[in-house]
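Take a look at the structure below.
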Amino acid sequence: MPSARSKAKPKANFKLAFEAIGVPWQIEIFEPVAKPTKLEATIRARIEDFDVAYSRFRPDSMVSRIAQRAGEYELPADASELFNTYRQLYDVSQGAVTPLIGQVMIDAGYDANYSLKSRPLTKPPAWDDVISYQNPNLVVREPVWLDLGAAGKGYLVDLVGEVIETAGYRGYVIDASGDMRLRHTPQTIGLEHPDDPRLIIGQVELSNGSLCGSATNRRRWGQYHHIIDPHSLRSVQGMKACWIYADSTIMADGLATAIFFTPVARLQTIFQFEYAYVLDDNTCIHSDDFPGMFFE
């Protein structure tokens, strides 16, 4: 969901552009890279490991196995932060941000084949009725389609950032289709117009942290867009687009979904972040310390 776009930046020593988990990625490192081929291979391998665990779009993933059979599953070492973050978001949003939304998305038409053909929707089960997680084990009481898209892409961006930092590099930018992680690199980032992706309506100045955007003009089909309320079984209305700035990309990504369902004041009782959003009537609202501005 490229509702944040890199607008200006210094010259990169290392550039990598590719498609993964269904979206385009761009990675730039702003210092000499000794073994670029090895680093690229490590990045791609890390993404593949994540995808084969958590994707609901590939039949060989663990998520696909969970959809076929109840039981106990040993999750990867990276699962703890992902599931703990989801549990926090689930509780604060009163179940609106849920990893159990997978069957709803499939029935709405956002399935592995991208059929975009909907059928009647059924509310997802409650978390404690179906799954329990105690690192590293996930107990599934009945087959269920998990969908970790609300925070999963952001978390993967963080994991790729860890790969880069482990290799010894400090200054870089990762942009996974609007989910951005920056370290020690000044950037001017354009905020995409929610009605016309050719335009920007503001800009953000960043050098560290993560910025994630979400907009209802992306992944829209029939009566739905990709942000569906599991309680009403309708795509949410009232907000066109939002941007969240936080220390980690998993948090910025997850909150960029949660803010569509949950009052900001309630989210701020648990999470530290800055925000900006555009309502359906084009009113623009942002927190006092959001690191950017809207144009007049």
Go through the residues of segment 231-249 one by one and say whether even a single one is in a strand (DSSP E or B), over 24 Å from V23 (Cα atoms) and not small (G, A, S).
-> yes
How many residues does segment 163-193 hold that are more than 24 Å from F57 (Cβ to Cβ) and not aromatic (F, W, Y)?
-> 20
Just wondering, is there one or more residues in segment 166-180 that are modelled with pLDDT of 95 or more and in a helix (DSSP H, G or I)?
-> yes
Could you tell me whether any residue of segment 181-195 is at pLDDT 95 or above, in a helix (DSSP H, G or I) and not hydrophobic (A, V, I, L, M, F, W, C)?
-> no
Counting only residues that are within 16 Å of R170 (Cβ to Cβ) and not small (G, A, S), segment 12-42 contains a total of 10
Can R65 be described as basic (K, R) and more than 18 Å from V140 (Cα to Cα)?
-> no
What are the residues in segment 126-164 that are farther than 21 Å from I47 by Cα and part of a helix (DSSP H, G or I), if any?
-> W127, D128, D129, V130
Residues satisfying the stated conditions in segment 152-184, i.e. hydroxyl-bearing (S, T, Y) and either touching a Lys or Arg at 6+ places or on another chain (Cβ under 7 Å) or at positive phi (or both) | Y172, S177
Within the bounds of segment 116-125, is there any residue that is within 29 Å of E31 (Cβ to Cβ), surrounded by fewer than 19 Cβ atoms within 10 Å (Cβ to Cβ) and among the charged types (D, E, K, R)?
-> no
Residues in segment 36-90 that are closer than 24 Å to P124 by Cβ, more than 17 Å from the chain's Cα centre (by Cα) and among the polar types (S, T, N, Q) total 3
Pick from segment 55-74 the residues that are surrounded by 14 or more Cβ atoms within 10 Å (Cβ to Cβ) and among the basic types (K, R): which of them is farthest from L159 (Cα to Cα)?
-> R65
Looking at (1) more than 19 Å from G161 (Cα to Cα); (2) at pLDDT below 95; (3) exposed (fewer than 15 other Cβ atoms within 10 Å of the Cβ), which is the one condition that is false for A77?
-> (1)
Evaluate the following for A256: is it touching a helix residue (DSSP H, G or I) at 6+ places or on another chain (Cβ under 6 Å) and not hydroxyl-bearing (S, T, Y)?
-> no
Could you pull out every one of the helices (runs of 4 or more DSSP H) wholly within segment 20-125 that has 1 or more residues that are over 30 Å from Q268 (Cα atoms), free of Cβ contacts under 8 Å to residues at least 24 places away in the same chain and small (G, A, S)?
-> 36-54, 62-66
Boolean, D111 is more than 30 Å from K15 (Cβ to Cβ), out of contact with any strand residue (DSSP E or B) (no Cβ under 8 Å at 6 or more places or on another chain) and modelled with pLDDT under 95 | yes
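The values are calculated or read from the model by the stated rules, or taken from the named source; none is laboratory data. Only a predicted model underlies this, so the values are computations on that prediction, with no experimental measurement involved. Methodologically, a virtual Cβ is constructed for each residue, glycine included, from the backbone with ideal geometry; neighbour enumeration extends over all protein chains shown.
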